[in-house]
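S.K.: Let me give you the structure first, and then I'll get to my questions.
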Amino acid sequence: MKRSLSLTIGASLVGLVAVLALVSFFWMPFDPNHVDPASRLLPPSWPHIMGTDHLGLDIFSRILAGARICLLVGVIAVGIGALVGVPLGLIAGFAKGWFPKFVLRTADIIYAFPALLLAILLAAANGHGSVVTAMVAIGISSVPAFIRVARAATLQVVNQDFILAARTSATPKYTIALQHILPNIAPVVLVQSSVSFGLAILAEAALSYLGLSAPPTTVTWGRMLFDAQSYLFSDANLALWPGLFIALTVLGCNLLGDGLREVLDPRLQEVR
Amino acid sequence: MTPLLEVSGLNLAFGQRRTPALRDVSFTLDGGQRLGIIGESGSGKSVTALAVMGLLPDNAFLSGSIRWRGQELVGLGDAAYSKLRGDDMTMVFQEPMTALDPTMPVGLQVAEVLRLHRARSKDAARFGASAEQIVDNARNRVLEMLTEVGLPDPGRAALKYPHQLSGGQRQRVMIAMALINRPALVICDEPTTALDVTVQAKVLRLIDYELRAVQAASLFISHDLAVVSQVCDEVLVLYHGEVVERGHVAQVLGAPEHPYTKGLVATARLDLVTPGERLPVIEDFLSSAQLAGGGAANG
């Protein structure tokens, strides 16, 4: 496989966040929700290596705990997007008649709703915002992108001779779709997934910041940013860490997506 | 006796403007017989093959009659057609790189064709074989077929992906896929055009041998007169969607009657051209009226 710098950096950054989330299940220096007024607003120092916030909460512990939600949101949102979008896109590219048009127009309509609006709607319908409503909202709004990408890739594959060859041996349609088309569009879907992952994390941070996601007891990076707002000029430290980690994670996902594209796209690949 | 395949008065047009692609094409093919179809690009060779397979695109308008062992195929439903495809009639494609799925080991692709056929013919129920036995039989049959088409080290080759094989090897896999179910008709759509000359000769010999082994009839599409004369008994010359000449290979290529065929034969015989002389082109043999007619048909 071809080496790719963006793939290496992207995978390392995303891997780092995954390690943080894993570690948080076994070890955190402090309870991320333990209020300690005696040691509030400390600069980075031992034992609070990233300092403490206005309630005396240890920022490093909260970064660790926040990594869980961050990854959870990414996985669930991308999962919803891919599980709903890829089959629909594949059918839209492969089938004939009214159904593909229906799918594409519906995708256009969902595209018109920003994830933010969708999250507000869901939160209102639910009575209050939660991580689940946020994840579902982000997931739904990422569906159209998956539909379009999967359909475009399917259209490219469908016109190749091996699909015609499969039809000459009377291969059933669902076998053609599952065994011949799906593996061929998998690289494109993978790239779209990693880009969507970054977007989902960003969207969740924005929703947390607006208070439309997790309740205050759940630690998220977006929530930490929100809390840091009033101390921005006196203690920039509070906003710096969660902001930095959100930025690094999203950057990592985008680089991972670019790297995967470079490695998997046959048009960019060297002749074997 | 009813012929295996009987095509009569076949007309084909494409799209809203009904651009004609075939006009009044008729031919018959008996069991085991090989018919070469020659003609230049766009003369309707490949669409004839697709019409017989029932795989024309949606914007095609087909009229006339295609009879398979007396059964009319024009207008036949997809489900009924599926019973013929892959079992009774199969196809070898021109470009083996694009005709094999790049994400699947070639052995599996051959096995899939076999498995679909078995599912239709319900071997399992008839013999009361267990699932393991069927899988085992299928594996042996695939390996046997890959050996027969001359793939070196078939056990290992079966696990390779298409890009790991050479062009000639890929075409051998295609031939294995087309012949594993012992069809009555194999349509070869320029099977050697994408191969270099030495490999071409080997693959042609293989096709010749395999067709004889399963006693399959063949529609052999090519623009290469030498290839057709090597493999086929009879030849059909298509020009702008019309049959201009038909007969035994030796007769048509030895003493062509239609000016277009004369042109084809002359342009293929470069050894007859004296150095320094202008090479013959097909237009030399066609009258201006025929050229104009051809042009109109194309537009």
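S.K.: Determine, yes or no, whether A:Ile76 is at negative phi, surrounded by fewer than 22 Cβ atoms within 10 Å (Cβ to Cβ) and either at pLDDT 95 or above or within 21 Å of the chain's Cα centre (by Cα) (or both).
M.R.: Here the answer is yes, as A:Ile76 does meet what is asked.
S.K.: Let me ask you something else. Within segment B:211-263, how many residues turn out to be part of a helix (DSSP H, G or I) and more than 14 Å from the chain's Cα centre (by Cα)?
M.R.: 18
S.K.: Among the residues of segment A:126-135 satisfying the criterion of being aliphatic (A, V, I, L, M) and in contact with a helix residue (DSSP H, G or I) (Cβ under 8 Å, 6 or more places away or on another chain), which is surrounded by the fewest Cβ atoms within 10 Å (Cβ to Cβ)?
M.R.: A:Val131
S.K.: Scanning segment B:81-107 for residues that are within 11 Å of another protein chain (Cβ to nearest Cβ) and small (Gly, Ala, Ser), which turns out nearest to A:Pro183 (Cα to Cα)?
M.R.: Here the answer is B:Ala99.
S.K.: Taking B:Val197 and the conditions (1) without any contact (Cβ under 8 Å) to a residue 12 or more places away in the chain; (2) touching a helix residue (DSSP H, G or I) at 6+ places or on another chain (Cβ under 9 Å), which numbered condition does it fall short on, given that it satisfies the others?
M.R.: (2)
S.K.: With a cut-off of at least 2 residues that are in contact with a strand residue (DSSP E or B) (Cβ under 8 Å, 6 or more places away or on another chain) and within 13 Å of another protein chain (Cβ to nearest Cβ), name the helices (runs of 4 or more DSSP H) lying wholly within segment A:107-188.
M.R.: A:161-168
S.K.: Here's a follow-up. Could you tell me which residue of segment A:106-125 is modelled with the lowest pLDDT, considering only residues that are buried (at least 20 other Cβ atoms within 10 Å of the Cβ) and closer than 16 Å to A:Gly222 by Cβ?
M.R.: A:Ala115
S.K.: Hey, could you check segment B:48-100 for residues that are of a type in the set (A, V, I, L, M) and part of a loop (DSSP other than H, G, I, E, B) and say which is farthest from B:Arg18 (Cα to Cα)?
M.R.: Among them, the one singled out is B:Leu100.
S.K.: Please work out which residue is farthest from the other protein chains (Cβ to nearest Cβ), limiting yourself to segment B:64-80 and to residues that are of a type in the set (A, V, I, L, M, F, W, C) and surrounded by fewer than 17 Cβ atoms within 10 Å (Cβ to Cβ).
M.R.: B:Val74
S.K.: Sticking with this one: Might you let me know whether segment B:248-259 holds any residue that is of a type in the set (S, T, N, Q) and modelled with pLDDT of 85 or more?
M.R.: Yes, segment B:248-259 contains a residue that is of a type in the set (S, T, N, Q) and modelled with pLDDT of 85 or more.
S.K.: Something else now. Could you grab me the full set of residues in segment B:101-115 that are out of contact with any strand residue (DSSP E or B) (no Cβ under 9 Å at 6 or more places or on another chain) and either buried (at least 24 other Cβ atoms within 10 Å of the Cβ) or of a type in the set (Ser, Thr, Tyr) (or both)?
M.R.: Within segment B:101-115, B:Asp101, B:Thr103, B:Val106, B:Gln109, B:Val110 qualify.
The values are calculated or read from the model by the stated rules, or taken from the named source; none is laboratory data. Here the structure is a predicted model, which is why all the values come from computation and not from measurement. All Cβ positions, glycine included, derive from the backbone under ideal geometry; neighbour counts span all protein chains shown.
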